[in-house]
Structure formats: structure tokens, C-alpha cells
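J.: Sending over a structure as C-alpha cells; questions will come in a sec.
The values are calculated or read from the model by the stated rules, or taken from the named source; none is laboratory data. Owing to the predicted nature of the structure, the values given are computational and were not obtained by experimental measurement. Note: ideal-geometry Cβ built from the backbone for every residue, glycine included; neighbour counts use all protein chains shown. For accessibility, only protein heavy atoms count, side chains too; no ligands or nucleic acids. Shrake-Rupley method; radii C 1.70, N 1.55, O 1.52, S 1.80 Å.
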Protein chains: 2
Amino acid sequence: MKQARHPEPHEMTLIAVMGALSDPIRVGLVRVLSDGRERGWGQLRAPVAKSTLSHHLRILRDAGVTRTRQEGTRCYVELRRADLESRFPGLLDAVLNAAHADDVGLQVGLNDTAS
Amino acid sequence: MKQARHPEPHEMTLIAVMGALSDPIRVGLVRVLSDGRERGWGQLRAPVAKSTLSHHLRILRDAGVTRTRQEGTRCYVELRRADLESRFPGLLDAVLNAAHADDVGLQVGLNDTAS
């Protein structure tokens, strides 16, 4: 993967962000990343094929929800919490709180043997 | 249309609501309804075919975002603001504020000659 292009905050759209956050796997990924730590893709555990996980991560990135960074052969991802909050105040917290209350996205987690 | 089944608040899901609110026409419909008034479908103006508008209204209804009522041959729709707020606190306002700030959904409005 080349260093991917990420939308600047002013390029983020509400519709793309809402679409990115309308899937339980993607909500789960956002929940895992909501502690603010950057994670290697290999640390992310989800009940989907790696190609599907990669697809979900691309949708999150293209919407501006996450930032992906490549280092050698490894990819890392982090939540763009500040950018989201500046563009769509209150939205991410409302989604995270609702996901927490309803146990949405629990199928996503972190691998014990992190890389 | 028969009186449609609407999800009870506890049946609403975050994923369905996020999906319902990830389309500019549907966000526009919610904006139009956000004044709390029930509207006849004939009052709603959107740059789509009537069948497409009906499809969008069904998605909103099935997700629990709106309530549809039939009276004779006419259908009416209103926003379920209180139910949404109780289930997903802060979510609707965050979406409405973002839509307002970004002019999302402005292609939807009310017909002057209301019915």
C-alpha cells in the first residue's frame, strides 16, 4: 500500500461518515481505536477475511474517520477523533455511546499477541 | 399502504439508524420534519421519482426515524424525535447540526401548495 490520501477535514462529508459508521464491523473498529492509540492492522481481530477487513479500513479512511500509515510492510491505523469532532461536533461520541449501550461492534477486538 | 409496523424504541438499532441517515435525500427529509410537524407525503418535495421518495420514506420508517400514518388515501409522516433521543442520545441533533452547517439535504423541501 502506498501512503494513502486522506481527506482534509473540510473535505469530509457527513454522508460519507454516516455511511462509514453504518456497519457493525466498522463501528467495532472505531470502538477499538477510541482509546486514541494507533494500532497495527495485525493487532485488529474481526470475524471477517483479511481482504474484507482491509475493505472496511479503507472505507473508514476514505471517509476521514481514521488515518492509516504505512511503515515498511506494516500498516497502522488511528482514529481521527479531533478532526471528526471539529467537523461534526458530538457525532462520534453519540455513536460511541450508543454502540457501547447496545453492544454494537463487540465482534471486533485486539489480538493478544500484538504485532 | 396498510398501517405500517414501526419498530418499538428497544427494537431500533444504531446500524439501521446510521444507514437511514447516510443518504442526502433522507437527511433532507429529516431536516424538513425536524420542526416537529407531521407532513403529508404530497407536501414533500424532492428531486426523485415518487417511487424513490416512497422507498426513502420506508427506510426511515423501518429504522424508527419516522412514523408514517395513513388516513384514507393519504399518508402522513413525522419525525420520532423523542424516541430517537431516548435510544441514541445526542445523535439526531449532531446529524441535524452537521447537515445544517454543510447544507446537506437542501434539495428536499416542502411544496408551496400543500395537500
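J.: Could you check how many residues of segment B:12-57 are touching a Gly at 6+ places or on another chain (Cβ under 7 Å) and open to solvent by 60 Å² or more (accessible area, probe 1.4 Å)?
T.: 1
J.: Shifting gears a bit: Tell me which residues, restricted to segment A:16-66, are within 21 Å of B:A20 (Cβ to Cβ) and of a type in the set (S, T, Y).
T.: A:S22
J.: Is it the case that A:R5 is surrounded by fewer than 20 Cβ atoms within 10 Å (Cβ to Cβ), farther than 23 Å from A:A101 by Cα and within 9 Å of the chain's Cα centre (by Cα)?
T.: For A:R5, the condition - surrounded by fewer than 20 Cβ atoms within 10 Å (Cβ to Cβ), farther than 23 Å from A:A101 by Cα and within 9 Å of the chain's Cα centre (by Cα) - is not met.
J.: Taking segment A:74-92, which residues are part of a helix (DSSP H, G or I) and open to solvent by less than 70 Å² (accessible area, probe 1.4 Å)? Walk me through it before giving the result.
T.: In the first step, residues of segment A:74-92 are kept if they are part of a helix (DSSP H, G or I); the result is A:81-87, A:91-92.
Once the filter is applied, which keeps residues that are part of a helix (DSSP H, G or I) and open to solvent by less than 70 Å² (accessible area, probe 1.4 Å), segment A:74-92 yields A:D83, A:L84, A:R87, A:L91, A:L92.
J.: Further question: Mind checking which residues of segment B:58-83 are touching a Gly at 6+ places or on another chain (Cβ under 9 Å), touching a residue at least 40 places away in the same chain (Cβ under 8 Å) and within 17 Å of B:V108 (Cα to Cα)?
T.: The answer is B:I59, B:V77, B:E78, B:L79.
J.: So how many residues does segment B:62-73 have that are in a strand (DSSP E or B) and among the hydroxyl-bearing types (S, T, Y)?
T.: Matching residues across segment B:62-73 total 2.
J.: Next question. Select from segment B:75-115 the residues that are of a type in the set (K, R) and in contact with a helix residue (DSSP H, G or I) (Cβ under 7 Å, 6 or more places away or on another chain) and write down the one among them that is nearest to the other protein chains (Cβ to nearest Cβ).
T.: Per the criteria, the residue is B:R87.
J.: Sticking with this structure for a sec: List pairs: first residue in segment B:22-41 and touching a residue at least 40 places away in the same chain (Cβ under 8 Å), second residue surrounded by fewer than 18 Cβ atoms within 10 Å (Cβ to Cβ) and of a type in the set (D, E, K, R) anywhere in the structure, Cβ distance under 7 angstrom, at least six positions apart or on different chains.
T.: Correct list of pairs: B:L33/B:E78; B:G36/B:R81; B:E38/B:E78; B:G40/B:R74.
J.: Against the condition touching a residue at least 24 places away in the same chain (Cβ under 8 Å) and open to solvent by less than 20 Å² (accessible area, probe 1.4 Å), how does B:L106 come out, does it pass?
T.: No.
J.: For segment B:42-57, what are the residues that are without any contact (Cβ under 8 Å) to a residue 60 or more places away in the chain and assigned to a helix (DSSP H, G or I)?
T.: B:K50, B:S51, B:T52, B:L53, B:S54, B:H55, B:H56, B:L57, listed by residue number.
J.: Mind checking whether some residue in segment B:59-69 is out of contact with any helix residue (DSSP H, G or I) (no Cβ under 9 Å at 6 or more places or on another chain) and open to solvent by 70 Å² or more (accessible area, probe 1.4 Å)?
T.: Yes, segment B:59-69 has at least one match.
J.: Check off (1) at pLDDT 95 or above; (2) among the hydroxyl-bearing types (S, T, Y); (3) over 19 Å from B:I15 (Cα atoms) for A:T73 and give me the number that stays unchecked.
T.: Tallying (1) at pLDDT 95 or above; (2) among the hydroxyl-bearing types (S, T, Y); (3) over 19 Å from B:I15 (Cα atoms), A:T73 fails exactly one: (1).
J.: Against the definition (more than 10 Å from the chain's Cα centre (by Cα), over 29 Å from B:D103 (Cβ atoms), away from chain B (no Cβ under 14 Å) and not in a helix (DSSP H, G or I)), how does A:R37 come out, yes or no?
T.: Numbers: more than 10 Å from the chain's Cα centre (by Cα): yes; over 29 Å from B:D103 (Cβ atoms): yes; away from chain B (no Cβ under 14 Å): yes; not in a helix (DSSP H, G or I): yes.
Yes, satisfied.
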